[in-house]
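The values are calculated or read from the model by the stated rules, or taken from the named source; none is laboratory data. The model shown is predicted, which means the values in this text are computed figures rather than measured ones. Methodologically, a virtual Cβ is constructed for each residue, glycine included, from the backbone with ideal geometry; neighbour enumeration extends over all protein chains shown.
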Amino acid sequence: MSFLEFSSDAFIAAFFLYCFGFLFYMIAIGGKKWSNRDPEQHVKRWGRVAYIVSTLGLVAHLAFFFTRWIGAGHIPTSNMYEFMTFLGMSIMIAFTVIYSIYRSPLLGMFALPLTIIIVAYASVFPQEVQPLIPALNSIWLKIHVTTAALGEAFFAVGFAAGLMYLLRVVDFKGKTKEARRAQRWVEFTLYVIIVVISFIITVFVFRGMGYEAEFKQMQVNIDSRGQETTTEENVQYTMPPIFKPYNSETISMDSFIGMKQPLLETPYWMDGVNAGRKLNTVVWSIIAGSLLYGLLRLVFRKPLGAVIHPAMEGIDPEDLDEISYRAIAIGFPIFTLGALIFAMIWANIAWSRFWGWDPKEVWALITWLYYSAYLHLRLSRGWQGHRSAWLAVIGFVIVMFTLIGVNLIIAGLHSYAGV
Amino acid sequence: MFQNTKCECGHQNHVGTVLCEYCGKPLGEESLSEEPLEMRYDGVARRSQKANPSWIDRIWNFFSSVKIAVYLIVITLLGSTLGTIYPQESTFLSGDPTTYYEVNYGLPGKIYYALGLSRTYESWWFITLLVMIGTSLVICSLDRVLPLYRALNKQSIRKHLTFLKRQRVVFTRDIPGDPEEFVEKLGEQLKRKGYRVNRDGTALLAEKGRFSRWGPYINHIGLILFLLAVLARSIPGWYMDSYVTLPEGEAVEIKDTNYYIKNEKFTVQYYTDDELPDELKGTLRAKLYETKAVLYECTAYCGDLTREPELKEVHRHDIIVNDPLSYKGLHAYQFDFDETPKLKAVKPVLVDKQTGESYGPFELSMTNPEISYQVGPYTLELRDQFMEFAIGENGKPTTLSREPNAPAFFFLIKGPGLPKEGESYLYFPREIDKVRFSQDQINRDIADRFEIKVGSMENVVLSGATTFLNIRVDTAIPYVWVGAAISMIGLILGFYWQHRRIWLRIDDGKLTLGAHTNKNWFGMRGDVASALRKLDIVVEPKSLDNGGNKT
């Protein structure tokens with residue numbers, strides 16, 4: 001068996017171990033009130049099992065990482081698949097560090113699903129090993145990408161703890177204006193998470209069905225000398241086209257529950273690379289996410305926040321607040337070093353300048369500014385607890401936009417990490 | 001306005017002091033509450049809390065506020081996002097910015113350009129924000145660090161009871177036995193945990209990690225240095241950013257320097273199919289771009305158009321992406337390349353069409369042709385040369401670029417049987433241009449008599465690939481790194497260590513203990529609980545929490 005084959009097996013093993021770990025955490029928390037047991041003993045025992053299983057998952061994940069490194073001959077952080085799996089692994093490492101300080105098993109209940117979602121999201125991208133292009137062939141690929149991801153992983157744990165804090169303290173029975181507003185936003189956050197999960201599910205369902213559609217898109221370009229040229233490009237879809245590319249003809253299209261023609265056309269002003277396909281994917285994710293969310297509401301007959309809230313009873317909210325803050329405080333220097341300083345050193349070697357206002361650079365700076373504002377606000381009265389938790393949640397949205405959104409929407413020099 | 005700032009312990013405090021600098025008793029509004037104390041900067045008066053501020057004080061006060069600092073950070077953050085909506089002008093080399101945005105993005109693009117957002121990061125408002133952040137960094141730090149240093153440098157051991165009771169970590173209990181012995185034993189335990197312990201009879205102050213309090217200020221110093229280094233690039237001669245085009249084998253002057261640079265050979269390597277995964281087989285995936293570069297220093301006749309400069313080789317380096325040439329602060333980076341072969345020289349012959357006789361060959365260089373050529377009995381005088389021939393708007397020939405993409409030579413042919421002033425002849429070395437621009441029609445009658453032509457491919461000299469290098473001088477770079485390093489040291493000190501303090505006193509057999517840390521209360525409570533446990537006082541760490549974290 002080659003290193004690369006072993007590596008992909010280890011990846012699958014890690015994924016399932018994480019899933020089981022999550023399941024055990026749910027048993028640990030959800031089974032507290034089962035009959036004939038001491039709740040404290042129960043949480044302790046199952047929390048331990050869950051922690052061991054998820055740590056085994058991390059071990060398998062590390063095995064995946066290093067065998068792929070040996071098999072490929074370069075560190076596996078060179079494209080979106082490799083980076084996202086690495087980020088998932090870093091979140092587990094950050095979780096383990098925070099866990100070793102605070103010994104709060106319940107943190108795993110939120111850190112693990114985050115890892116699972118990110119690892120599953122990674123699998124959406126092409127997985128084969130690609131040889132390095134000259135721009136990436138540098139020792140700084142190892143140093144910059146890994147430290148930046150580790151810093152972001154701590155922000156992710158801060159986000160998990162912040163979300164837990166909100167689910168713990170928001171009054172889901174409250175009728176005041178403030179309580180309702182908090183309920184709505186928590187619910188919206190959960191809805192967004194469900195949309196992301198649905199995106200992954202949708203991708204894999206259509207991939208499993210082998211769905212394909214192809215379009216010929218005409219693009220008009222005007223070059224620097226003012227000459228107009230029309231280029232034709234074939235665009236492949238792997239999801240049924242609700243939106244076909246702008247100015248395109250259908251070449252072939254599988255029918256999907258009676259849908260034989262694209263329903264709509266992408267508006268002209270969405271003219272980025274593969275804009276039509278991306279819009280189509282986003283629309284599918286929102287539809288599937290809304291369906292899944294609606295289904296869950298039907299099953300539980302109450303907002304999802306209110307469903308999770310009782311499970312959080314008995315957790316000290318101030319501990320959660322501190323864990324969230326601490327995770328971010330630990331991550332901040334690492335992020336500064338990896339995403340800014342090391343990035344500047346590498347940029348100075350590869351691109352001849354340490355800073356060039358490339359969108360990815362700007363967004364790394366925005367992330368950094370955001371968390372520095374957060375850290376300064378923590379010094380003020382009234383910015384702990386509730387508000388701080390929201391800041392941690394929003395901060396992670398910015399982190400994810402920097403990592404994924406910039407590549408999807410803005411591109412720029414980091415395009416090799418593209419989609 | 002008169003304010004009594006004298007504490008009951010007799011210490012005279014500055015206006016704005018929250019906690020008496022000597023005994024820690026809460027003063028002013030802080031004394032009215034029962035909540036845990038506001039311990040920021042140990043409750044000392046900051047410079048900005050002067051009575052009767054002058055206008056300088058007002059500016060100082062404005063920039064010394066953390067709230068203003070946060071606003072500045074948030075505004076800069078939001079401003080930065082604007083610059084990422086469309087590409088900045090600096091990111092595209094070709095294309096005219098005045099039309100680029102409208103052509104590519106329609107009306108929103110036009111507005112974007114009109115608002116100046118195509119140069120967001122060079123705009124006056126963005127630079128102003130950065131300067132304001134820099135000012136805020138300096139003033140915020142100075143405003144706090146000096147009073148804080150003073151306060152931490154002369155701490156009293158026996159603090160006011162209220163000070164202890166209103167900490168966020170508090171413990172009280174009746175202690176039987178000798179109070180002094182108890183304090184000594186507890187001090188022993190805290191020493192083992194790495195605390196520096198000071199005793200004053202039945203009172204104790206244990207302290208650890210005070211240096212971490214300086215972390216934020218060290219970080220700010222690093223950031224200020226970083227910002228100054230960036231500004232220093234505008235010092236003349238400190239910063240240079242230019243591009244050179246290097247055809248193979250030619251030493252090219254680097255403008256504004258005394259250096260010449262030569263591309264001895266440029267190579268591109270692609271991955272072979274064996275090295276590529278199945279999905280990428282058959283595609284061109286670059287493996288290596290390499291310019292074998294030689295750097296020369298000009299020793300004489302530099303910039304003299306009539307003479308060849310004297311060059312001395314000073315450095316030689318194979319430039320690849322991620323590995324530039326560096327020599328005395330000058331750096332050359334692989335930027336781009338053009339592999340299409342360019343015509344370097346041709347060796348044509350002059351054919352007399354009537355007799356069929358041919359004269360020559362003579363060597364005609366594209367970039368460096370002679371002024372006249374003697375070919376058999378004829379003289380070819382070069383009158384004009386076009387590298388990329390085109391007919392301009394006024395109907396006259398012109399050149400579109402300095403690259404030999406469509407070279408043309410305008411000769412005067414003189415010799416036997418020709419008018420004394422000569423006959424003009426336009427010569428296109430490339431067959432394709434000859435047809436495209438109808439050479440024979442331009443030359444009219446003379447085209448029937450003479451033809452300049454290249455016999456075979458052997459008489460064509462092509463140049464190798466052209467490489468484009470980015471030449472940089474950035475003297476400020478070392479200062480940038482020093483700033484970043486200092487900043488990083490500050491961050492590490494501030495975030496990975498905490499300043500923890502434990503005060504205690506025993507009054508009439510009753511122990512009162514208070515503890516404070518600037519971060520990580522979990523660890524602070526753990527330290528107190530475990531020290532007490534060693535003296536057989538068992539407390540749950542969490543029970544020491546006196547609240548204070550509430551929103």
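The number of residues in the stretch B:256-285 being modelled with pLDDT under 85 and not in a loop (DSSP other than H, G, I, E, B) comes to 6. Exactly one residue out of A:Tyr18, A:Tyr25, A:Tyr102 is more than 17 Å from the chain's Cα centre (by Cα), in contact (Cβ under 8 Å) with a residue 60 or more places away in the chain and surrounded by 23 or more Cβ atoms within 10 Å (Cβ to Cβ), and it is A:Tyr25.
Within the bounds of the stretch B:195-204, is there any residue that is over 29 Å from B:Ile537 (Cβ atoms), crowded, with 20+ Cβ neighbours inside 10 Å and in contact (Cβ under 8 Å) with a residue 40 or more places away in the chain?
Here is the first cut: in the stretch B:195-204, the ones over 29 Å from B:Ile537 (Cβ atoms) are none.
For the stretch B:195-204, residues over 29 Å from B:Ile537 (Cβ atoms), crowded, with 20+ Cβ neighbours inside 10 Å and in contact (Cβ under 8 Å) with a residue 40 or more places away in the chain: absent.
For the residues A:Phe95, A:Phe86, the requirement of being under 18 Å from the mean Cα position of the chain (by Cα), in contact (Cβ under 8 Å) with a residue 60 or more places away in the chain and farther than 29 Å from B:Asp527 by Cα singles out A:Phe86.
Looking at the stretch A:102-129, which of its residues are within 19 Å of A:Leu163 (Cβ to Cβ) and either within 14 Å of another protein chain (Cβ to nearest Cβ) or not hydrophobic (A, V, I, L, M, F, W, C) (or both)? Lay out the reasoning, then the answer.
Going residue by residue through the stretch A:102-129, those that are within 19 Å of A:Leu163 (Cβ to Cβ) are A:102, A:104-121.
A:Tyr102, A:Ser104, A:Pro105, A:Leu107, A:Gly108, A:Pro113, A:Thr115, A:Tyr121, listed by residue number.
Table: residues versus (1) in the same structural domain as B:Arg58 (by TED's automatic domain parsing); (2) at pLDDT below 90; (3) part of a strand (DSSP E or B); (4) not small (Gly, Ala, Ser).
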{"site": "B:Ile139", "(1), (2), (3), (4)": "yes, no, no, yes"}
{"site": "B:Arg144", "(1), (2), (3), (4)": "yes, yes, no, yes"}
{"site": "B:Val170", "(1), (2), (3), (4)": "no, no, yes, yes"}
{"site": "B:Gly177", "(1), (2), (3), (4)": "no, yes, no, no"}
{"site": "B:Val183", "(1), (2), (3), (4)": "no, no, no, yes"}
{"site": "B:Gly187", "(1), (2), (3), (4)": "no, no, no, no"}
{"site": "B:Leu190", "(1), (2), (3), (4)": "no, no, no, yes"}
{"site": "B:Gly194", "(1), (2), (3), (4)": "no, no, no, no"}
{"site": "B:Val197", "(1), (2), (3), (4)": "no, no, yes, yes"}
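Taking every residue in the stretch A:124-141 that is closer than 12 Å to A:Thr77 by Cα and pairing it with any residue that is modelled with pLDDT under 85, at least 6 positions away or on another chain, the pairs with Cβ-Cβ distances below 7 Å are A:Val129/B:Pro277; A:Gln130/B:Pro277; A:Gln130/B:Leu280; A:Pro131/B:Glu275; A:Pro131/B:Leu276; A:Pro131/B:Arg285; A:Leu136/A:Tyr416.
Scanning the stretch A:142-169 for residues that are surrounded by fewer than 24 Cβ atoms within 10 Å (Cβ to Cβ) and either in contact with an Asp or Glu (Cβ under 7 Å, 6 or more places away or on another chain) or free of Cβ contacts under 8 Å to residues at least 40 places away in the same chain (or both) gives no hits. Every condition in (1) surrounded by fewer than 18 Cβ atoms within 10 Å (Cβ to Cβ); (2) in contact (Cβ under 8 Å) with a residue 24 or more places away in the chain is met by A:Glu265 except one, and the failing one is (2).
Please determine whether any residue of the stretch B:294-302 is part of a strand (DSSP E or B), within 14 Å of chain A (Cβ to nearest Cβ) and of a type outside the set (Phe, Trp, Tyr). Break it down stepwise before answering.
Narrowing the stretch B:294-302 to residues part of a strand (DSSP E or B): B:294-300.
Retained after the next criterion (residues that are within 14 Å of chain A (Cβ to nearest Cβ)): none.
Looking for residues that are part of a strand (DSSP E or B), within 14 Å of chain A (Cβ to nearest Cβ) and of a type outside the set (Phe, Trp, Tyr), one finds none in the stretch B:294-302, hence no.
Selection within the stretch B:515-547: residues that are of a type in the set (Gly, Ala, Ser) and in contact (Cβ under 8 Å) with a residue 12 or more places away in the chain. The member of this set that is surrounded by the fewest Cβ atoms within 10 Å (Cβ to Cβ) is B:Gly547.
Just to be sure I understand, how many residues within the stretch B:312-332 are of a type outside the set (A, V, I, L, M), in a strand (DSSP E or B) and away from chain A (no Cβ under 14 Å)?
Here is the first cut: in the stretch B:312-332, the residues of a type outside the set (A, V, I, L, M) are B:312-313, B:315-318, B:322-324, B:326-329, B:331.
Retained after the next criterion (residues that are in a strand (DSSP E or B)): B:312-313, B:315-318, B:323, B:326-327, B:331.
Remaining after also requiring away from chain A (no Cβ under 14 Å): B:312-313, B:315-316, B:327.
Selection size over the stretch B:312-332: 5.
Number of residues in the stretch B:59-99 that are in contact with a helix residue (DSSP H, G or I) (Cβ under 7 Å, 6 or more places away or on another chain), aliphatic (A, V, I, L, M) and more than 9 Å from chain A (Cβ to nearest Cβ) equals 4. Scan the stretch B:500-532 for residues that are out of contact with any strand residue (DSSP E or B) (no Cβ under 6 Å at 6 or more places or on another chain), within 14 Å of chain A (Cβ to nearest Cβ) and either over 12 Å from B:Ala206 (Cα atoms) or part of a loop (DSSP other than H, G, I, E, B) (or both) and the total you get is 7.
Are any residues in the stretch A:53-67 farther than 13 Å from A:Leu112 by Cβ and surrounded by fewer than 17 Cβ atoms within 10 Å (Cβ to Cβ), and if so, which ones? It would help to see each step written out before you state the result.
Filtering the stretch A:53-67 down to residues farther than 13 Å from A:Leu112 by Cβ leaves A:59-60, A:62-67.
Selection gives A:Val59, A:Leu62, A:Phe66.
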